[in-house]
Structure formats: C-alpha cells, structure tokens
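Values in this text are rule-based calculations from the coordinates and carry no lab data. No experiment lies behind these values; they were computed from the predicted model shown. In this analysis, Cβ positions are derived from the backbone assuming ideal geometry, glycine residues included, and neighbour counts consider all displayed protein chains.
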Amino acid sequence: MILKMPLLDLREEDLQRGDLVLVDGMPLMVSWTETWEKVKQFQAASGDLLIATYPKAGTTWIQEIVDNVLNADNLNKCHRSPTHDRMPFLEFVLPRNIISGVDQLAAMKPPRVIKTHLPFHLVPKSFWEKNCKTIYVARNPKDNLVSYYHFSRMCKTMPEPGTWEQFFQTFLSGNVAWGSWYEHVKGWWNERNKQQILYLFYEDIKEDPGREIRKLLKFLGKEFLSEETVEEIVWRTSFDVMKENPDANYSSLQSIFDKSISPFMRKGTVGDWKSHFTVSQNEMFDEDYRQKMADTDLRFRFLLQRRQDA
Ligand code: PPS
C-alpha cells in the first residue's frame, strides 16, 4: 500500500523556514527532529533497498532509474505515484507532523525502496543487521553546492540560504541540513566495501548512463535486462524527459516548492558551478577541498570532457 502525502492539507503558515538544530551531531531542521527517535528505531526488512545521498547529489535521478529497473517488465508502473510516495524519504517530516517518512514506510509492505540523506553513521542499524543493499550517489561539491543553494531558495521549509556568498561560506562550514558534504561522501566511501554499497557518481551517470545502469543491474542481480530496455530506461530517466514527467519532477510538491524562484529540475549538468563561482571563491574552495580531502583516495570530477546531452 502507498500512503500518499496529503499535501493539499498544508497551510501557508505551516511552511515556515526552519532553523537548524543538532541531532546526534548532525544539523537538521527543528521540525524534522520530532520523529528522530522513530527514525533511529526504524526496522528495515530484508530486501529493502536504501538510496542514500547528500542533498542535491542526484537522488531523484537515481530513484527514477532504480524504479525503472525494478519495474522493467512494465515501465508504466513507474507512473503509479510521485517519487516521494513510491520511495519514501526515511527522515522526512511534513509541517504539523501531517505525515512522516516513517509513517509512510510503516504502511508499505517490504521490500521497499527508501530514500535517505543521512550520513552513514546515523543510518538505522537495522539496515546493516538485515544486510540491505544501498545505492549511494555522490556529486562533485561545487555543483552540489550550487544546486543546494538554488534548492534552499525555492523550498519553503529549508533554512534561509541568504546571499550566494553567505551560502557559499555556510556550505564550507558544514552548517547546512545533513551536515558537511565532506564528512558525508567520505563516511559512505569508507564503508563501501564493508556493507553491500554501490557507490556511484553523478558525473559518471551523466557521462554514460547506460554504463552506470549496467553496474546497477549487476549490483541488483538483474543483468538479464536487454540492451533495448536499458536504452529505454536511459531515455525515460534523461533530464529532459524527467523534467516533463509529473511523477518524477516533484511538481506534486508545488505547495512547498516555489518554482517561480527555481525549478526542482533546474539544469542537470556538470560544471554549472563555473557560472556561479568567482575566481577568488574558486581558489578558496580548492584550498579548502585540498585540506579536507587529504585523508582519502576518493576523487571527484568537476567537469566532463565529453559533450553533454543536457
Ligand atoms: S533532493 O532534493 O536532495 O532529493 O535533490 P536531488 O534529486 O538529489 O538533486 C537534484 C539535482 O539533480 C538534478 N537532476 C538530474 N540531473 C541530470 N539528469 C536527471 N535526469 C536529473 N534529475 C534530477 C536536478 O536538476 C538537480 O540539480 P541542479 O544542478 O540543481 O539542476
């Protein structure tokens, strides 16, 4: 059963930008902490699939790809409901506690596909006790930052981002919802070989979605999908097609998102940071990146060589 979000029940006064508070050391919107104990106690079931990302790293894209892969026998099933109802967001809380991710998941028969932005160390332990598979997508931090900035401007329940320069500094300090990008991507990277984690990169999917979908098929034990079906999934989950798909473009959250400020499906490219970063911001960022990434072999691509189909 799918427990749909009753979005029409939302009042404008419910949509206040929340301040951040620390939950187990991670900054989160204060209203989202109401279900935090339930999130921690969440019981994953064997076969549940976790999709984990830092915010704005390509979550919705990989969710749509995964749903297409799991419903490859009848791709129309991907239109059964919008993303947030098909694949609930574990730690999500609507204002006034109208519904939460844990409520939605409780009403859903396993195996479920579950979205989270939690850093590895805060993921409920039951996922690892039940040996659940996780797909993690990471995106280069410059584009991730830009996307996070525009999202914070248009999403009425995110903390106020301030100016571009202010948000740039806030992102570097890690005092954004779900915490530091650096800790997130490194935390998951360090665990990737200890649990069943497929670690993917936004830039790789952009460069060659068919290749990355085949990695996913192998991980999920579905290598038998035909080349033709993979090509169809690539097409169905391309930026332009998803942008027009009301079940995948978050148009159903129009009461929370102000698309006159920025659309959810904004640009979907690699390298948009170049049109935002000043020269001095870029130098500062590179130095900070160099220091914070000195203790890892995790590497990112900030630009793609090949022409993009964006
Ligand atoms: S969220 O709110 O954290 O779940 O957002 P998330 O889905 O992680 O990230 C949104 C960004 O992903 C881009 N996007 C895509 N890029 C390429 N192809 C496809 N199909 C696609 N779907 C979503 C979306 O445009 C956001 O990035 P920006 O850079 O802002 O455009």
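Condition first: assigned to a helix (DSSP H, G or I) and more than 16 Å from the ligand (Cβ to nearest atom). Now tell me which residues in region 163-180 satisfy that. Talk me through it step by step, then tell me what you get.
Within region 163-180, the first condition is being assigned to a helix (DSSP H, G or I), and the residues that meet it are 164-173.
Residues satisfying the conditions are Glu165, Gln166, Gln169, Thr170, Leu172, Ser173.
If I filter region 38-60 down to residues being more than 16 Å from the ligand (Cβ to nearest atom) and among the basic types (Lys, Arg), which single residue comes out as nearest to Gly179 (Cα to Cα)?
Taking the candidates together, the pick is Lys40.
Confirm whether Leu90 is under 25 Å from Val176 (Cβ atoms), touching a Leu at 6+ places or on another chain (Cβ under 9 Å) and without any contact (Cβ under 8 Å) to a residue 60 or more places away in the chain.
Numbers: under 25 Å from Val176 (Cβ atoms): yes; touching a Leu at 6+ places or on another chain (Cβ under 9 Å): yes; without any contact (Cβ under 8 Å) to a residue 60 or more places away in the chain: yes.
Considered against the rule, which asks whether it is under 25 Å from Val176 (Cβ atoms), touching a Leu at 6+ places or on another chain (Cβ under 9 Å) and without any contact (Cβ under 8 Å) to a residue 60 or more places away in the chain, Leu90 comes out as yes.
Exactly one of these conditions fails for Asp272: (1) within 13 Å of the ligand (Cβ to nearest atom); (2) more than 26 Å from Val185 (Cβ to Cβ); (3) of a type in the set (D, E, K, R). Give me its number.
With respect to (1) within 13 Å of the ligand (Cβ to nearest atom); (2) more than 26 Å from Val185 (Cβ to Cβ); (3) of a type in the set (D, E, K, R), Asp272 is out only on (2).
Under 8 Å by Cβ, and 6 or more places apart or on different chains, what pairs join a residue from region 262-286 that is under 20 Å from Gln305 (Cβ atoms) with one that is part of a loop (DSSP other than H, G, I, E, B) and near the ligand (Cβ under 8 Å from one of its atoms)?
Hits for this filter: Lys267/Ala310; Gly268/Ala310; Thr269/Ala310.
Anything in region 129-145 that is within 11 Å of the chain's Cα centre (by Cα) and either within 18 Å of Lys194 (Cα to Cα) or not in a helix (DSSP H, G or I) (or both)? List them, or say none. Before you say what the answer is, go through the steps one by one.
Let us first name the residues in region 129-145 that are within 11 Å of the chain's Cα centre (by Cα), namely 135-139, 144.
Ile135, Tyr136, Val137, Ala138, Arg139, listed by residue number.
Among Glu207, Glu183, Glu160, which is the only one that is over 27 Å from Glu129 (Cα atoms), surrounded by fewer than 20 Cβ atoms within 10 Å (Cβ to Cβ), more than 16 Å from the ligand (Cβ to nearest atom) and in contact (Cβ under 8 Å) with a residue 60 or more places away in the chain? Break it down stepwise before answering.
Numbers: Glu207 fails: more than 16 Å from the ligand (Cβ to nearest atom); Glu183 fails: over 27 Å from Glu129 (Cα atoms).
Of the residues listed, the single one that is over 27 Å from Glu129 (Cα atoms), surrounded by fewer than 20 Cβ atoms within 10 Å (Cβ to Cβ), more than 16 Å from the ligand (Cβ to nearest atom) and in contact (Cβ under 8 Å) with a residue 60 or more places away in the chain is Glu160.
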